[in-house]
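The values are calculated or read from the model by the stated rules, or taken from the named source; none is laboratory data. Just so it is clear, the model here is predicted, and its values are computed rather than measured. Ideal geometry is used to build each Cβ from the backbone, glycine not excepted, and the neighbour counts take in all protein chains shown. Heads up: the accessible areas ignore ligands, DNA and RNA and are worked out on the full protein's heavy atoms, side chains in. Shrake-Rupley method; radii C 1.70, N 1.55, O 1.52, S 1.80 Å.
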Amino acid sequence: MLAVRLPAQRAQCWALCGQRRAKFTYGPKRPREPLPRTPWTVRGPPPGAPLPWYLRKVPPVREQLPELDVVTYEGKLHRVPWLAKPRHPKWERGWHDPWHDGGPRLEEMPTYKQRPCYVFHQRTRVLEGVKQALWLTKTKLTQGLPPRILSIINDPANQCENQDERVQNAIYHARLWGSSEEDIPRETYCPVLLEDLLHLCRTMTAKFPLLGKRMFAQDYRVAAAWERESVLLQVRGIHGKILNATNLLRPIASKDEILATENHTLETFYPVLPTIDLQEVNAYDIKNDTGFREGYPYPYPHTVYIAQYDSVRKMRPPQLQAKMIMFAFGNALAKAKELYGDEPRVLENPIVVQTVATDGQCFHFLVFQLNTTDLDSSNGVKNLAWMDADHLLYEDFRSRPVIKKKVVRIPAGIHGYQPDTFKKFLALYLHGVA
C-alpha cells in the first residue's frame, strides 16, 4: 500500500512544481475580475511612458550591435538556416521592362492629390447598408413602389401570354436544363435566369412597339463625383447591364412633393463615419462619365440590372440594396451633369433611374429620382427613392426528389412559386411605354 501511495505523491508534487514554473512566464498575473477603468486600460499607456518589459519589442541584433560582422551564407551558394541572409544591391537592367517594373511611388504619380477621395465600386459592402447610402446620396426613402408602377402591375393587359408557365420554364432552364451538373452553382444559374426573364420581357415588343427604341449594354463603366459635407466621393466601376432608351422617364414625384423634402431630416449613424468601408484613394481623376460616347442613339438610362452571385465576397440584402441606390444615383448624377453642367442646382426636370437586383432567387426593386445636384449640405431639397425589396421568385428548387423510406418527401421541381415578383419585374421594364 505504501509503495502505491509514494509514486502518487511524487506525481502530485511534480505536477505542482511544473505548474509553479509555468506561472507568470509572459508577464504579471492576470486578474480574473475585470480590470479597473484606469487610463492604462481605457486609452493605453500615457504618452512618453515606457512600456512594460513584456510588451517591448526586442530590436534585431544588427541594430543592437551595428559594428558586428554578420556571417552570411553567400559563399555557400545555398541557404543555411543558422547563417544570416545576404543583402545584395538592387540589380538594374539598364532598359525599361514593363513586365518587371515596380511602378512609381504614390507621391510621384501624375494623378496624385493630397486630398483623399472615397470611392464606392462594385465590390463595396458598406457597414450601415441602406441608411449609409441614403446619407451619401442625400435621399429620402419611401417603402413600396410608386403608384404609377402599381397601376402597370394591376393592369391585366400588361402581362405576357401564358406568363406563369413561361416564367417557370425560365427557372427550369437556369436551374436544371442549362447544365448537366447535379447542383448548378449560383454563379451559373443567376445570370442565366436574369437573361431569360429579360428575354421574356422583350417579347412584349409586339404589343408595345416603343420597346424597340431601347438597347441593352453589358459591362459598361460609369463614373460620378460629388462632395458631401466637404468630403469628396465617387461612384465608379462595372456593375452589370443597363437598359438605355431614347428619352428620359417622366418624374415620379410632383414639384410640391419635391419641395416638401426640405423638411426631411436625414438619419445619421454617429459615431460611425459615413465613409466607412469606402475605398480611400489619393491617385484619382475627378470625372463624370455615363459610359457611352457622344452621339450614342440611346443616351438616357432607364433600368440598371445587377446579378449578385459572387460566392467569395457575399453581400447581405441591406448591402445589396445600398449598392442599388449608389449605382442608380451614379447613373442619374452623371447624366445630370452632362445635361446641366457641374454647377450645383435643383433640377427643373428630375432624372429617374430604376434598378433591379437579384441573386437568382430573391429580387429587389428600386425607383430613384434625382432632384438636385447640390449635395454638399444636408439642408434643402432631397432626392427621392422608392424601394420594394426581398421578394422571392420561388422559395426552393430541387433537381432531385428527397426520398426517405421509399416515400417521396420533397418532389423535384419548383416549390413556392410567387407570380407577383415577375409582375413587378415586368412593370419596371414596361415603365415609360405602358
### Query
Which net charge results when you count Lys and Arg as +1 and Asp and Glu as -1 among the other residues whose beta-carbon is under 11 Å from that of residue 231?
-2
### Query
Could you sort 180, 254, 378, 230 by accessible area so the largest value comes first, with the probe set to 1.4 Å?
180, 230, 254, 378
### Query
Over the alpha carbons of region 248-321, what is the largest minus smallest coordinate on each principal axis, giving the biggest first in Å?
38, 37, 30
### Portion, in percent, of the accessible area of the chain that falls on carbon or sulfur, probe 1.4 Å
53
### Summary
Expressed in angstrom and rounded, the centroid-to-centroid distance over alpha carbons for region 254-298 and region 220-247 is 8
### Query
Between region 364-405 and region 85-115, how many Å separate their Cα centres?
45
### Kirkwood hydrodynamic radius over Cα pairs of the chain, then Stokes diffusion coefficient at 10 °C and 1.306 mPa s, in µm²/s
58
### Task
Taking only the C-alpha atoms, wrap a convex hull around region 71-224 and report its volume per residue in Å³ as a whole number.
365
### Task
Can you check what the net charge comes to around residue 136, using other residues whose Cβ is under 13 Å from the Cβ of residue 136 (Lys, Arg +1; Asp, Glu -1)?
-1
### Query
Using only helices, what value at 222 nm comes out for the chain when you add -39,500 (n - 2.57) per DSSP H run of length 4 or more and divide by the total residues, to the nearest 500 deg cm²/dmol?
-8000 deg cm²/dmol
### Task
Provide the per residue accessible area, probe 1.4 Å, for region 316-434, rounded to a whole number of square angstrom.
37
### Query
So in the chain, what percent of DSSP beta bridges are antiparallel if you round to the nearest 5?
75
### Karplus-derived 3J(HN,Hα), 6.51/-1.76/1.60, for each residue of region 368-373, Hz, glycine and proline x
10, 10, 8, 9, 8, 10
## Note on the structure
Whole-Hz Karplus couplings 3J(HN,Hα) for region 387-397, θ = phi - 60° and coefficients 6.51, -1.76, 1.60, Gly and Pro as x, run 10, 10, 10, 6, 10, 7, 6, 8, 7, 7, 9
### Task
Please compute P(r) over all alpha-carbon pairs of region 317-430, binned at 5 Å starting from zero, and give each bin as a whole-number percent.
2, 10, 16, 15, 13, 10, 9, 7, 5, 4, 3, 3, 2, 1, 0
## Note on the structure
Rounded to the nearest 10 degrees, the helix 163-172 long axis (Cα) sits at an angle to the longest Cα principal axis of the chain of 30
### Message
Please list log₁₀ I(q)/I(0) at q = 0.15, 0.26 Å⁻¹ for region 162-238, using the Debye equation with identical point scatterers on the alpha-carbon positions.
### Response
-0.75, -1.15
#### Entry: Exposure rank, largest accessible area first [203, 421; 1.4 Å]
203, 421
